[in-house]
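The structure appears below as structure tokens.
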Amino acid sequence: MKKNERLSIILKGILLENPVFILVLGTCPTLATTTGVIGAISMGLAAMAVLICSNFVISALRKLIPDTVRIPCYIIIIAGFVTIVEMLIHAFLPDIYELLGVYLALITVNCIILGRAEMFASKNSVGKSVLDGVGMGLGFTLALLMISTVREVFGAASFAGIPIPFLENYKIEILVKAPGGMLVYGFMIALVFVITNGKGPKKKSFSCANCPSASLCSKGRDGAGCDAQKEVA
């Protein structure tokens, strides 16, 4: 694997295929843990650790896992690493464990983790899968950091728990609440769209010709095909 290819895989996760801003995955922990910078970074790093480890194991076992039970197998592998990370944080970082609460365990069902296992790790080599985990993990962490910085600085007049005195009288407290989280999230998505010039994942066109259920569809039986090809991300 060439250096440029390795760098490309990592950079895709950070910007062009950012899981939060471009793919719009992991919205629940994104909104729930970004009221403060410390919680956001902790969630990002925990998810990145699980993502890297699960991608490694799933890629290494991809030829041994039967296709019919691949999703349950992926979930078991992911849950195992989430349990390990949760126990380590509980043992050595109890304050962070209390801060993240139930959202730490919910990494198991995070769409980013399972999505990368299904879309990338199960189809690529161990090396590429680990790099994909690094890129997606960094992209997730940086996205949480950006959102939490705006919300905490302007909503709580602090950064990582450190007060910012000159902003104390200008706090926009709604930013640290659910509506403010959605507002900041939306603006961040728009900003990233402008920065990337709308260059997200390429769209693919599908028609009745390639549909496995075409024979069961009235349009497929008539041979007319779909009225118009649908584009999906």
Pairs, please: C-beta under 8 Å, at least 6 apart or cross-chain, first residue assigned to a loop (DSSP other than H, G, I, E, B) and in the range 49-67, second crowded, with 16+ Cβ neighbours inside 10 Å and among the small types (Gly, Ala, Ser)? Arg62/Ala121; Arg62/Ser122; Ile65/Ser122
Tell me whether the range 180-199 contains one or more residues that are modelled with pLDDT under 60 and either touching a His at 6+ places or on another chain (Cβ under 7 Å) or hydrophobic (A, V, I, L, M, F, W, C) (or both). no
Yes or no: Gly80 assigned to a helix (DSSP H, G or I) and surrounded by fewer than 18 Cβ atoms within 10 Å (Cβ to Cβ)? yes
Within the range 154-178, which residues are hydrophobic (A, V, I, L, M, F, W, C), surrounded by fewer than 18 Cβ atoms within 10 Å (Cβ to Cβ) and in a helix (DSSP H, G or I)? Phe166, Leu167, Ile174, Ala178
For the condition over 21 Å from the mean Cα position of the chain (by Cα) and of a type in the set (Phe, Trp, Tyr), what is the one hit in Phe81, Phe154? Phe154
Flag for Pro29 being modelled with pLDDT under 95, surrounded by 24 or more Cβ atoms within 10 Å (Cβ to Cβ) and over 9 Å from the mean Cα position of the chain (by Cα): yes
Please work out which one of (1) over 29 Å from Leu183 (Cβ atoms); (2) of a type in the set (A, V, I, L, M, F, W, C); (3) within 14 Å of the chain's Cα centre (by Cα) is the condition Leu114 fails and give its number. (1)
Going through Ile147, Ile78, Ile113, Ile107 one at a time, which residue ends up being touching a Leu at 6+ places or on another chain (Cβ under 7 Å), within 21 Å of Ile14 (Cα to Cα) and of a type in the set (A, V, I, L, M)? Ile113
Within the bounds of the range 54-76, is there any residue that is within 24 Å of Met188 (Cα to Cα) and in contact with a helix residue (DSSP H, G or I) (Cβ under 6 Å, 6 or more places away or on another chain)? no
Any residue in the range 146-163 that's touching a residue at least 60 places away in the same chain (Cβ under 8 Å): show its pairings with residues that are assigned to a strand (DSSP E or B) at Cβ separation under 8 Å, as long as the two are six or more apart or on different chains. Thr149/Phe159; Glu152/Ser158; Glu152/Phe159
Condition first: out of contact with any Pro (no Cβ under 8 Å at 6 or more places or on another chain), within 30 Å of Val176 (Cα to Cα) and buried (at least 18 other Cβ atoms within 10 Å of the Cβ). Can you find one or more residues in the range 55-68 that meet it? no
Please give the number of the condition Ala49 fails out of (1) within 30 Å of Lys177 (Cβ to Cβ); (2) hydrophobic (A, V, I, L, M, F, W, C); (3) surrounded by fewer than 18 Cβ atoms within 10 Å (Cβ to Cβ). (3)
Please find, within the range 93-108, the residue that is surrounded by the most Cβ atoms within 10 Å (Cβ to Cβ) out of those that are free of Cβ contacts under 8 Å to residues at least 60 places away in the same chain and closer than 23 Å to Val57 by Cβ. Thr108
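The values are calculated or read from the model by the stated rules, or taken from the named source; none is laboratory data. This one's a predicted model, so the numbers in the text were calculated from it and none came from an experiment. Glycine gets a Cβ as well: all are built from the backbone with ideal geometry, and neighbour counts include every protein chain shown.
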